[in-house]
Amino acid sequence: MKTPTILIVERNDAFREKLKRFLLQQGYQGIASSNKTEALDIMQYSVIHLVVVGSFAGGRDSMQIAQEIHRLNSAIPLIQITHEGTEEIAIAALKPGMNDYFKQPVSFEALAASIRKCLSGLSFHASAGMQETSRNAISDAEKFVGDCLPMREIKTYIGKVAQTDSNVLITGETGTGKELTAELIHKNSPRKKNPFVCINCTAIPDSLLESELFGYERGAFTGADIPKEGKLKRAEGGTVFLDEIGDMSLYHQAKILRVIESKEIQRLGGKGNIPLDIRIVAATNKNLEEMVLEGRFRKDLYYRLNVSNIHLPPLKQRKEDIMVLLDHYIRELNGRFGRDIRGFSGDTLEFFHAYDWPGNIRELKNLLEAVMVSTHSPWIMFHDLPERFRNRVIDGRMFSQDEKDRLLAVLLSTRWNKAESARKLNWSRMTLYRKMERYQIIQPKSSMVACP
């Protein structure tokens, strides 16, 4: 094991040395830099576990330093120390991915606590390569189905984000797997042995949300005969998943913001504050940036939540994963229902690829389950699909497809037989391979067999 190394980027000589001495007293190794160029060189050639960025030229240069460090390695925690403490400065600090910020005069006790939290759970190996492997390892990855390039990149990023304690905002359409992503972050984090509590912000009436989140004392209101622990406290030491955070009222947004900033809660009817140790992962299918501009979502809460961002693409943008998803869910459903579905007809696979899947992966899984309930054949034919799907075919042809769509549809219907696909498309095999390379189409490792 190796002592954590912290990079200090501060132009003031006296304060820079003071910070370095403080870090040494806390048991850390400190590397000090007075300018951006030197700091970025250190980042390139040294193993750094955390960066403390001071104030430069009224804050403009420090924001640029933070942004460039974040681009180099988004997994490294960043802490800002600023000479100003307004809301605008706080929001600006959190934009480039800052984990925390402090204003001068800084409380060294609070700074030490923030550093410990940022570094909690990180492994400090002797080599950068070993450190990166440790961060990127992700368990239960088989549940996160997808082999396309964007999904591989998301899996890698989940491995990095999980090892930090930063707040995470997951965005994406309904049915893209936001809750599963949150679970994977928790299961691969240092908090994995503690609770994972999911709170659906749309399922709890606004009038009850406060008592559900914070709990209440006996006699707080009519019917409160016994005290109740809130959901936030039930997640102590673990992770809270705030699903559909975009549907939360401005009043309760302010309450959540206070929890994030103070790390304390107060039960309804209670007099004292209760300390809280949780990590927050939030998700939404809405555009929070637009909601901020329209005044429907708090700007300061948005930047507090959006320290790390994971955007899940809709299924229509990753259709090369359809075969992998079909294979995964057919195996799962075969086990659940005791069936032996072996594959699909070519026109069924062609339809699966042509369809836009507005309900995304959830819609695909629900369709397969509905078909499995109604048919007893080992092969799923096009006429086995529910009528609402069959009606999407007009005069025997699918809805319009672009070249990439047509190529993928033919590859699916021929079970990735390149020679047969080229013949059906009236292309040479070299043209087919060039098109596959152009559109970054990669054959899945596991392909569902289609019936002849």
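The values are calculated or read from the model by the stated rules, or taken from the named source; none is laboratory data. The model shown is predicted, which means the values in this text are computed figures rather than measured ones. Every residue, glycine among them, receives a Cβ derived from its backbone with ideal geometry; neighbour counts consider all protein chains shown. To get the accessible areas, we keep the full protein, side chains included, count just its heavy atoms, and leave off ligands, DNA and RNA. Shrake-Rupley method; radii C 1.70, N 1.55, O 1.52, S 1.80 Å.
Tell me, which helices (runs of 4 or more DSSP H) wholly within segment 287-343 include 1 or more residues that are open to solvent by 30 Å² or more (accessible area, probe 1.4 Å), acidic (Asp, Glu) and under 30 Å from Ile76 (Cβ atoms)?
Working: elements: 288-293, 299-305, 322-337.
Because the criterion is at least 1 residues that are open to solvent by 30 Å² or more (accessible area, probe 1.4 Å), acidic (Asp, Glu) and under 30 Å from Ile76 (Cβ atoms), the helices (runs of 4 or more DSSP H) in segment 287-343 that meet it are 288-293.
Could you please let me know if Ala112 is assigned to a loop (DSSP other than H, G, I, E, B), at pLDDT below 90 and hydrophobic (A, V, I, L, M, F, W, C)? Reasoning before the result, please.
Working: assigned to a loop (DSSP other than H, G, I, E, B): no; at pLDDT below 90: yes; hydrophobic (A, V, I, L, M, F, W, C): yes.
No.
Going by what's in this entry, would Tyr216 be described as surrounded by 13 or more Cβ atoms within 10 Å (Cβ to Cβ) and either at pLDDT below 80 or within 15 Å of Arg298 (Cα to Cα) (or both)? Yes; evaluated as a whole, the condition is true for this residue.
I'd like the residue in segment 1-56 that is over 19 Å from Glu68 (Cβ atoms) and in a strand (DSSP E or B) and, out of all such residues, is most open to solvent (accessible area, probe 1.4 Å). Among those that are over 19 Å from Glu68 (Cβ atoms) and in a strand (DSSP E or B), it is Gln29.
For segment 222-264, give me each residue that is open to solvent by less than 80 Å² (accessible area, probe 1.4 Å) and of a type in the set (Phe, Trp, Tyr). Of everything in segment 222-264, just one residue is open to solvent by less than 80 Å² (accessible area, probe 1.4 Å) and of a type in the set (Phe, Trp, Tyr), namely Phe241. Of all the criteria given as (1) β-branched (Val, Ile, Thr); (2) open to solvent by less than 10 Å² (accessible area, probe 1.4 Å); (3) farther than 29 Å from Lys155 by Cα, the one not satisfied by Thr284 is (3).
From the list Pro378, Pro386, Pro358, which residue is surrounded by fewer than 18 Cβ atoms within 10 Å (Cβ to Cβ), closer than 27 Å to Arg152 by Cβ and at pLDDT 85 or above? First the steps, then the outcome.
Working: Pro378 fails: closer than 27 Å to Arg152 by Cβ; Pro386 fails: closer than 27 Å to Arg152 by Cβ.
Result: Pro358 is the single residue among Pro378, Pro386, Pro358 that is surrounded by fewer than 18 Cβ atoms within 10 Å (Cβ to Cβ), closer than 27 Å to Arg152 by Cβ and at pLDDT 85 or above.
Look at Ala370 and say whether it is touching a Pro at 6+ places or on another chain (Cβ under 7 Å), surrounded by 13 or more Cβ atoms within 10 Å (Cβ to Cβ) and at pLDDT 80 or above. Here the answer is yes, as Ala370 does meet what is asked. Residues of segment 276-286 that are in a strand (DSSP E or B) and of a type in the set (A, V, I, L, M): Ile280, Val281, Ala282, Ala283.
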